[in-house]
Amino acid sequence: MKYMDEYRDRKLIDNLVGQITKRASRPYTFMEVCGGHTMAIHKFGIPSLLPGGIRLKSGPGCPVCVTAKTYIDRAITYARMPDVIVCTYGDLLRVPGSRGSLYDQRAKGSDIRMVYSLLEALRVAREHPNRRVVFLGIGFETTAPGSAVGILQADRERLSNFFVLSSHKLMPPAMDAIAEDGVAIDGYLCPGHVSTITGSAMYRHIAEDYGLACVVSGFEPSDILQSLLMLIVQLEAQQPKVEIQYKRAVRPEGNIKARNFMDQVFVPRDDWWRGLGELKNSGLAIRKEYQHHDAEYAMPVEVTTQEEDHGCICGEVLKGHSEPTDCPLFASACNPVHPIGACMVSSEGACQAFYKYKRYE
Amino acid sequence: MSERILLSHGSGGELTHRLIEELFVAHFDNDQLRKLSDSSLLGRRNDEILFTTDSYVVDPIFFPGGDIGKLSVCGTVNDLAVAGAQPAYLSAGFIIEEGFPMEDLRRVVASMAREAKQAGVQIVTGDTKVVNKGKADKIFINTSGVGFLHPHLGSSLNGRGIKEGDKIIVNGHLGEHGLAVLAAREDLQISSQIHSDCASLNGLINKILNQVEGVRMMRDLTRGGLATVMCELAGQANIGIHLEEDDLPAGEQVKGLCEMLGLDPLYLANEGKFVAMVDARSADKMMDVMRADPLGRNARVIGEVVEEHPSRVVMQTRIGGRRIIEMLTGEQLPRIC
């Protein structure tokens with residue numbers, strides 16, 4: 001396929017692996033913080049190509065995995081209301097809340113629809129003026145501008161039956177928390193899509209304060225291998241800094257227009273991350289001006305949630321302290337058909353990626 | 001006939017009789033049906049009999065490359081053919097939602113008749129029920145099929161004798177049915193040129209069984225796609241399966257749309273594809289036979305049976321990495337057949 005095959009060329013890949021092997025004078029551990037990277041790494045079998053000393057850990061970059069249980073419980077509470085249609089990205093359907101998932105709730109008769117974009121949810125709201133439509137807004141800086149535009153559009157159209165339940169999160173506070181926590185990594189494979197919006201400047205203090213190498217990477221195998229090589233070159237020269245490998249999509253200043261939409265609609269707040277706990281200014285709340293489209297404000301409900309899972313070590317996996325196989329539940333009680341922890345739910349989750357692509361190696 | 005299906009079309013009375021005679025018998029046209037008896041007498045034969053059933057609920061009912069009628073014939077024909085049977089007779093049961101347009105039913109039935117003729121099978125018995133509006137979605141079809149074991153085979157193709165070195169062959173491009181149906185859904189608003197591969201495979205499979213020795217087993221690649229079938233086979237026969245990503249046949253449009261939607265052609269449904277395991281010595285002959293047929297034009301050897309990793313499927317990725325292939329979990333796309 002054009003514009004795709006070029007990045008999957010065997011010779012190019014072999015060359016990059018050769019250079020990585022040659023340049024790395026000691027073992028290195030890097031963390032990819034984007035779920036898309038986790039997927040690509042396992043889909044293409046990249047770990048099986050790397051020399052033994054180079055290890056990759058999966059960070060908290062799967063939005064579904066870090067979504068708090070209470071969020072799922074709240075969404076299910078809305079779904080139970082007879083006049084409500086819940087619209088969600090497919091990945092969220094199977095995430096377990098305290099008492100079942102949206103998937104289970106749909107089987108009980110609730111109107112829960114899978115959408116590929118927020119525009120579909122807006123259409124549902126237009127087509128059902130007598131019902132309330134709640135869109136589950138999850139994701140990082142990548143999807144938050146889309147939700148912002150959707151809310152602005154609903155506001156312009158006076159779609160008074162359209163609401164967003166925001167669990168949008170910001171990536172840098174999580175990367176800070178992991179660096180702060182002293183996780184043994186040498187550098188970050190920085191998220192490609194998040195960085196198209198945020199730009200690369202926000203990683204500078206991670207390199208400066210914690211001495212971690214940072215490279216913003218694309219999603220093709222040659223992108224990832226080139227980024228790993230760039231990380232190694234930085235560290236071999238003892239000059240950790242921020243570089244962009246994914247130049248065809250990411251500019252240092254990011255996408256200013258998209259950020260303006262985000263700022264117009266959202267305001268940062270402290271937020272709960274499954275596995276990481278509460279992180280300061282790490283989530284996005286809908287501003288007062290648009291609270292008539294904010295499900296939390298306009299449709300208040302009481303939910304009681306128990307956040308902890310017995311025996312599940314998703315938090316340790318997200319922080320890179322543990323491998324999925326360290327978990328007593330992994331591949332026995334917890335598997336993709338019956339996920340217990342959130343990392344097993346999403347195809348971008350570290351545990352599911354591990355289960356699918358690496359379990360027997 | 002009225003323009004829409006009414007509850008009384010399924011009541012067994014006057015309207016039911018007219019529907020049967022003017023629509024079903026007229027299109028499916030054969031001696032058995034014309035007798036309008038409760039059961040069809042199929043006569044006496046000395047061969048091994050194979051029997052199968054499947055229900056069809058695809059949404060939308062018309063999609064590029066096919067419709068629910070065509071699908072309900074070739075799906076059941078293929079289930080028989082891959083087991084080594086020569087399909088002969090089908091039944092057809094319809095569950096129709098009240099208010100369903102008669103014109104659409106006519107199109108579906110005509111399509112079934114066309115596909116049955118193409119595949120050389122007769123639809124010899126049937127049933128129609130109509131349910132209240134909202135109690136079913138437009139139309140559901142069940143077909144059961146009877147076939148007779150191919151004369152060159154001693155038993156159905158159950159994978160007996162699979163051994164290390166056997167080649168794995170697929171008859172063409174993967175993922176077309178799944179994506180054609182997905183793209184045809186109004187709520188997605190994707191425009192594509194992808195057509196469903198929906199086709200009866202019994203002709204091609206008959207040629208293979210006539211000419212090629214050492215065919216160990218065949219499976220059609222419907223829901224769950226190639227990946228799921230490979231995992232099932234590896235588990236059931238306790239063999240290791242090695243696949244080469246570079247050799248998996250898929251069209252450019254399928255690959256492109258999959259990249260865009262985050263889907264994997266390995267897991268997408270097909271309705272005119274099958275995978276065969278064959279003695280390595282017969283692989284070339286098998287490829288020749290397949291490629292001479294329009295339904296096998298893009299056939300490829302995609303991997304082989306290996307001694308390592310019993311009951312697991314491992315794929316060498318196109319960049320040279322290794323990856324474990326697992327069964328589909330959950331549903332990639334609901335209601336695709």
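With viscosity 1.002 mPa s and temperature 20 °C, the Kirkwood radius over alpha carbon pairs of region B:7-149 converts through Stokes-Einstein to a diffusion coefficient of 139 µm²/s. With 21 Å as the limit, the listed pairs B:207/B:285; A:22/A:43; A:43/A:241; B:70/B:117; B:35/B:138 have A:22/A:43; A:43/A:241; B:35/B:138 beyond it between alpha carbons. For residue A:55, the residues whose amide H sits under 5 Å from its own are A:28, A:29, A:30, ignoring neighbours fewer than 5 places away on the same chain, with H placed 1.01 Å from N. Sequence-ordered 3J(HN,Hα) estimates for region B:93-105 from the Karplus curve with 6.51, -1.76 and 1.60 and θ = phi - 60° stand at x, 10, 10, 10, 7, 3, x, 5, x, 4, 4, 5, 4 Hz, glycine and proline given as x. Peptide A:41-50 is shielded by partner chain Cβ atoms: per residue, an average of 5 of them sit within 10 Å of its Cβ. Ranked from largest to smallest solvent-accessible area, with a 1.4 Å probe on the protein heavy atoms, B:318, B:44, B:185, B:34 come out as B:44, B:34, B:318, B:185.
Just to be sure I follow: if Rg is taken over the C-alpha atoms of chain A and Rh is the Kirkwood radius over the same atoms, what is Rg/Rh? Taking Rg over the Kirkwood Rh, I get 0.98.
Taken about its Cα centre, the protein assembly as shown carries a charge dipole of about 420 debye when Lys and Arg each add +1 at the Cβ and Asp and Glu each add -1 at the Cβ. When you work out D = kT/(6 pi eta Rh) for region A:314-357 at 25 °C and 0.890 mPa s, using the Kirkwood radius from C-alpha pairs as Rh and the Stokes-Einstein form, the result is 248 µm²/s. Heavy-atom accessible area for residue A:37, with the other protein chains in place and a 1.4 Å probe, reaches approximately 0 Å².
Convex hull volume of the C-alpha atoms in chain B, normalised per residue: 133 Å³.
Note on the protein assembly as shown: dipole from Cβ charges, positive end direction compared against A:75, A:211, B:316; the farthest Cα belongs to B:316.
3J(HN,Hα) couplings calculated from phi for region A:43-56 with the Karplus curve 6.51 cos²θ - 1.76 cosθ + 1.60 (θ = phi - 60°) are, in sequence order, 4, 8, x, 4, x, 6, 8, 7, x, x, x, 9, 10, 10 Hz; Gly and Pro show x. Solvent-accessible area assigned to carbon and sulfur over the protein assembly as shown amounts to 48 percent, based on a 1.4 Å probe. One Cα centroid belongs to region A:70-141, the other to region B:226-249; the line between them spans 36 Å. Take the accessible area of chain A alone and of chain B alone, subtract that of the pair, and you get about 2500 Å² summed over both chains, using a 1.4 Å probe.
By DSSP, what percent of the beta bridges with both residues in chain B are antiparallel, rounded to the nearest 5? The antiparallel proportion sits near 75 percent. Converting phi to 3J(HN,Hα) with the Karplus coefficients 6.51, -1.76 and 1.60 and the offset θ = phi - 60°, region A:127-138 yields 6, 10, x, 8, 10, 8, 10, 10, 9, 8, x, 10 Hz in sequence order, with x at every glycine or proline. The modelled label-to-label distance between residue A:3 and residue A:103, using points 7 Å beyond Cα along the C-beta direction, is 3.3 nm. Working from Cα positions, state the angle (0 to 90°, nearest 10) between the long axis of helix A:10-23 and the longest principal axis of chain A. For A:10-23 against chain A, the angle is about 60 degrees. Once backbone amide H atoms are built at 1.01 Å from N, residue A:271 has A:279, A:281, A:282, A:283 as its partners under 5 Å, excluding neighbours fewer than 5 places away on the same chain. Oblate is the label for the protein assembly as shown, because a/c, from the alpha-carbon gyration tensor with a ≥ b ≥ c as root eigenvalues, is 1.5 or above and a/b does not exceed b/c. Using only side-chain charges placed at the Cβ, +1 for Lys and Arg and -1 for Asp and Glu, the dipole size of region A:1-106 relative to its Cα centre rounds to 360 debye.
Between residue A:183 and residue B:206, the modelled labels are 6.1 nm apart [label points 7 Å from Cα along Cα→Cβ].
A helix-only calculation puts the protein assembly as shown at -9500 deg cm²/dmol for mean residue ellipticity at 222 nm, using -39500 (n - 2.57) for each DSSP H run of at least four residues, averaged over all residues. Rounded, prolate or oblate: which fits region B:111-208 when a ≥ b ≥ c are the square roots of the eigenvalues of the alpha-carbon gyration tensor, with rounded for a/c under 1.5 and prolate only if a/b beats b/c? Oblate shape, in that a/c is at least 1.5 and b/c is the bigger or equal ratio. Figure note: B:216, A:10 ranked by solvent-accessible area, largest first, 1.4 Å probe, ligands and nucleic acids not counted: A:10, B:216.
Once the Cβ-Cβ distance between residue B:293 and residue B:8 is put in as r, and R0 is 51 Å, what FRET efficiency do you end up with, to the nearest 0.05? After rounding, the FRET efficiency stands at 0.65. For region A:259-303, the set of GluC sites (Glu not before Pro) satisfying both a DSSP loop assignment and a count of at most 10 other C-beta atoms within 10 Å is given as A:302. For residue A:269 and residue A:156, what is the calculated FRET efficiency with R₀ set at 25 Å and r taken between the beta-carbons, to the nearest 0.05? Efficiency, rounded to the nearest 0.05: 0.50.
The values are calculated or read from the model by the stated rules, or taken from the named source; none is laboratory data. Predicted, not measured: the structure shown is a model, and the values here were computed from it. Heads up, the Cβs are rebuilt from the backbone with ideal geometry, glycines too, and the neighbour counts pull from every protein chain shown. Surface areas here come from the heavy atoms of the whole protein model, side chains and all, with no ligands, DNA or RNA. Shrake-Rupley method; radii C 1.70, N 1.55, O 1.52, S 1.80 Å.
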